[in-house]
Amino acid sequence: MFFIPGPVIAALTFPGVIIHEFGHLFFCKLFKLKVYDVCFFRFGNPAGYVVHETTDNFTRLWFVSMGPFFANTILCVLFCTAAFLPVWVLKVEDLLAYFFYWLGISIGMHAFPSPGDLSNLWAMAPERAKHGNLLAILSVPLIGLLYILNFGRIFWADLGYGIGVGILGPVAIFRALARA
Amino acid sequence: MVLILLVVALYNGRKYFHAGRSLYVGERLVDEGRYQQALPYLEETVRVAPESDKAVLLAGRAALLTGRVDIADQVLHGHSGGKFEDPDEAFRTVEVLWDKANRAFAKAEEASKLEQQGGHDADAARLMHEAAALYPQATNLAIAAEMYDEGAAFERKDYDTFLSIAQRQWKLFPGPETAGVVASALACKFAVTGDEQYKKQSEERLLEAERGSQQPEQKKRFEEYAERIRYRLASRVIIDKPEYDKKFRSQKTSAE
């Protein structure tokens, strides 16, 4: 295992950081939560952030915290699907396709919610789950899994996730299209 | 911004989506053993991506398993001059098929040379049958083998077999060439039996062959064999082309 400083990784995959932070900002605006500060990208730790008003509403908090995870994942699949065939299957030398594949993987790599996002959710989820909140019930195992994956970042779990989604997503889409 | 990039990515990828879908459809059809249907899909993919190992090997396999050596040759040699980075199982499958097809066509070429020499029709037919058995997907080899059987039957004076094969070929591939062979076989039957029915039928087929021979090359060929068939019908003497040439055409040439 080789060590590359986090800011270097973030710089190499900066579009993913920007999309992630934009996701937070989008859901804050959607649920009318006050935003105090936004940084889409910087050379530091964290590479980006959105400081916003807290809320007792679990659904709002869930979307603000988890929204980027789903948005980044979906965008990763879309960009990689657009570039998957020329890069992996057809072996066509198309620089634009390689650029979009890098973009897709970069976005996918920054899908994981930060430990801060997860701890905010974890603070509410078990109690809401006890009261029968379906979203909270479903969130508990997902938060647990994302905690583990976050820890796995030191083993490149985030890159693994980006590549996995960027390969398996398009393969699943094209296999489904071939059957259609 | 992201949306614009996504639109550009999808727009750039659109030309590959069709090729990719064709590849997956072709792959599925190959897995199901439907090689004939798979081939057009895979050819379409190879047109966009001639360097794709997967597409080229699948297209080559489908082409070889449908007897289309010409297409297999085109796609396989269009890929880095026939070189593949990773000779995996797919490559080895195609390699075995390609080798088999090449050995079959080498035998077919040998058979063709023998047949052209004259007097070796039985050996030529045997070799052509071996070629057809080695590569059964190439239906043209099986057809050629049957045509060579005609020559072998003529050589051993088995005119019933000669006529039966000639008629079968004429039914399968109606045209001036096959009609001419039927006329020749009927002329042989007339020569040995004296039955006027055979003569009448032979003349009918000969007329049909003449009408069908429109191209200069066809006309030239027709004139050559029609002369020999007419001689056979007039004299009831059966001689092969080398003998006929020796007896009549060499004299003509020397008289000129």
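The values are calculated or read from the model by the stated rules, or taken from the named source; none is laboratory data. Keep in mind it's a predicted model, so treat the numbers as computed, not measured. Cβ placement follows ideal geometry from the backbone for every residue including glycine, while neighbour counts extend to all protein chains displayed.
Of the residues that sit in segment A:160-172 and are modelled with pLDDT under 90 and surrounded by fewer than 17 Cβ atoms within 10 Å (Cβ to Cβ), which one is farthest from the other protein chains (Cβ to nearest Cβ)? Before you say what the answer is, go through the steps one by one.
Our first condition is that a residue be modelled with pLDDT under 90; within segment A:160-172, this holds for A:170-172.
Of the ones still in play, those that are also surrounded by fewer than 17 Cβ atoms within 10 Å (Cβ to Cβ) are A:171-172.
On the way: A:VAL171: 10, A:ALA172: 12 Å.
Step by step, filter segment A:160-172, then rank; the result is A:ALA172.
Can you name the residue in segment A:122-141 that is touching a residue at least 60 places away in the same chain (Cβ under 8 Å) and not aliphatic (A, V, I, L, M) and is also farthest from A:PHE58 (Cα to Cα) among such residues? Reasoning before the result, please.
We begin by selecting, within segment A:122-141, every residue touching a residue at least 60 places away in the same chain (Cβ under 8 Å); these are A:124-125, A:128, A:133, A:135-136, A:139.
Restricting the remaining residues to those that are not aliphatic (A, V, I, L, M) gives A:128, A:133, A:139.
On the way: A:ARG128: 8, A:ASN133: 9, A:SER139: 11 Å.
Step by step, filter segment A:122-141, then rank; the result is A:SER139.
Is it the case that some residue within segment B:181-200 is closer than 28 Å to B:GLU217 by Cβ and within 17 Å of the chain's Cα centre (by Cα)?
Checking segment B:181-200: not a single residue is closer than 28 Å to B:GLU217 by Cβ and within 17 Å of the chain's Cα centre (by Cα).
Being buried (at least 16 other Cβ atoms within 10 Å of the Cβ) and assigned to a loop (DSSP other than H, G, I, E, B) narrows it down to one residue among A:ALA71, A:ALA111, A:ALA125, A:ALA136; which is it?
Details: A:ALA71 fails: assigned to a loop (DSSP other than H, G, I, E, B); A:ALA125 fails: assigned to a loop (DSSP other than H, G, I, E, B); A:ALA136 fails: assigned to a loop (DSSP other than H, G, I, E, B).
That would be A:ALA111, the only listed residue that is buried (at least 16 other Cβ atoms within 10 Å of the Cβ) and assigned to a loop (DSSP other than H, G, I, E, B).
Picking from A:GLY132, A:GLY104, A:GLY116, which residue would you name as being of a type outside the set (A, V, I, L, M, F, W, C) and modelled with pLDDT of 90 or more?
On the way: A:GLY132 fails: modelled with pLDDT of 90 or more; A:GLY116 fails: modelled with pLDDT of 90 or more.
A:GLY104 is the lone residue from the list that is of a type outside the set (A, V, I, L, M, F, W, C) and modelled with pLDDT of 90 or more.
Give the residue that is nearest to the other protein chains (Cβ to nearest Cβ), with candidates limited to residues of segment B:11-28 that are within 31 Å of the chain's Cα centre (by Cα) and not hydrophobic (A, V, I, L, M, F, W, C). Give the steps one after another, and end with the answer.
Start the filter on segment B:11-28 by keeping residues that are within 31 Å of the chain's Cα centre (by Cα), which leaves B:19, B:22-28.
Checking which are not hydrophobic (A, V, I, L, M, F, W, C) leaves us with B:22, B:24, B:26-28.
Values: B:SER22: 9, B:TYR24: 3, B:GLY26: 9, B:GLU27: 8, B:ARG28: 6 Å.
Out of the qualifying residues, it is B:TYR24.
Taking the residues in segment B:39-81 that are within 14 Å of another protein chain (Cβ to nearest Cβ) and more than 19 Å from B:ARG21 (Cα to Cα) as candidates, determine which candidate is surrounded by the most Cβ atoms within 10 Å (Cβ to Cβ).
Top of the filtered list is B:HIS79.
Would you say B:ARG34 is surrounded by fewer than 23 Cβ atoms within 10 Å (Cβ to Cβ) and either in contact with an Asp or Glu (Cβ under 8 Å, 6 or more places away or on another chain) or more than 8 Å from chain A (Cβ to nearest Cβ) (or both)?
Values: surrounded by fewer than 23 Cβ atoms within 10 Å (Cβ to Cβ): yes; either in contact with an Asp or Glu (Cβ under 8 Å, 6 or more places away or on another chain) or more than 8 Å from chain A (Cβ to nearest Cβ) (or both): yes.
Yes; evaluated as a whole, the condition is true for this residue.
Return a yes/no flag: does segment A:56-65 have any residue that is at pLDDT 90 or above, of a type outside the set (Asp, Glu) and in a loop (DSSP other than H, G, I, E, B). Steps first, please.
First pass over segment A:56-65, keeping only residues at pLDDT 90 or above: A:57-65.
Filter again for of a type outside the set (Asp, Glu), leaving A:57-65.
From what is left, the residues that are in a loop (DSSP other than H, G, I, E, B) are A:57.
Yes, because at least one residue in segment A:56-65 is at pLDDT 90 or above, of a type outside the set (Asp, Glu) and in a loop (DSSP other than H, G, I, E, B).
Considering each of B:TYR244, B:TYR231, B:TYR198 in turn, give the residue that is within 23 Å of B:SER112 (Cα to Cα), assigned to a helix (DSSP H, G or I) and out of contact with any strand residue (DSSP E or B) (no Cβ under 7 Å at 6 or more places or on another chain).
On the way: B:TYR231 fails: within 23 Å of B:SER112 (Cα to Cα); B:TYR198 fails: within 23 Å of B:SER112 (Cα to Cα).
When all the criteria are applied, what remains is B:TYR244.
Just to be sure before I move on: is A:ILE107 within 23 Å of B:GLU51 (Cβ to Cβ), touching a residue at least 60 places away in the same chain (Cβ under 8 Å) and not acidic (Asp, Glu) in the structure I sent? Quick ask: steps written out before the conclusion?
Numbers: within 23 Å of B:GLU51 (Cβ to Cβ): no; touching a residue at least 60 places away in the same chain (Cβ under 8 Å): yes; not acidic (Asp, Glu): yes.
Against the criterion (within 23 Å of B:GLU51 (Cβ to Cβ), touching a residue at least 60 places away in the same chain (Cβ under 8 Å) and not acidic (Asp, Glu)), A:ILE107 does not qualify.
So, in segment B:18-33, exactly how many residues are under 16 Å from B:LYS54 (Cβ atoms) and free of Cβ contacts under 8 Å to residues at least 12 places away in the same chain?
Qualifying residue count, segment B:18-33: 4.
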